[in-house]
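Peer 1: Following this message is one structure expressed as structure tokens.
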């Protein structure tokens, strides 16, 4: 699911009806696109980690090359402030968040590499032909 979330976060509009989509639409910055539906299923043991993963999306550290990972101090503060999360459950949830973070970073890296390859191919068509052989 993190992989799907990462792909959608960088290549498509925010989920219809979300606060982010409404804010962008209010500014006129969101193209009207027909909604696409995707179903994803979670094991019951992963629901709480996924909910927390979604909750810490404001904690990305970014640099010149884009996101580099989550700010773990912010993630831990978020977990600490959730009244429905038992102290003993936090380490498992944190590991779930880290797994989603790794999957997201891998997808973003693949996307950057693909975009870079496409740009190079557009600038140097002869180089593209030689790599196809």
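Peer 1: How many nm separate the modelled label positions at residue 84 and residue 47, each set 7 Å beyond the Cα in the direction of the Cβ?
Peer 2: 0.9 nm
Peer 1: Which FRET efficiency, nearest 0.05, do residue 64 and residue 124 yield, Cβ-Cβ r, R0 25 Å? Show your work: numbers first, answer last.
Peer 2: Values: r = 24 Å, r/R0 = 0.98.
For R0 = 25 Å, the calculated efficiency reads 0.55.
Every number in this text was worked out from the coordinates using simple rules, so none of it is lab data. It should be emphasised that the depicted structure is a prediction, and the values quoted were computed from it without experimental measurement. Cβ atoms come from the backbone with ideal geometry, glycine included; neighbour counts cover every protein chain shown.
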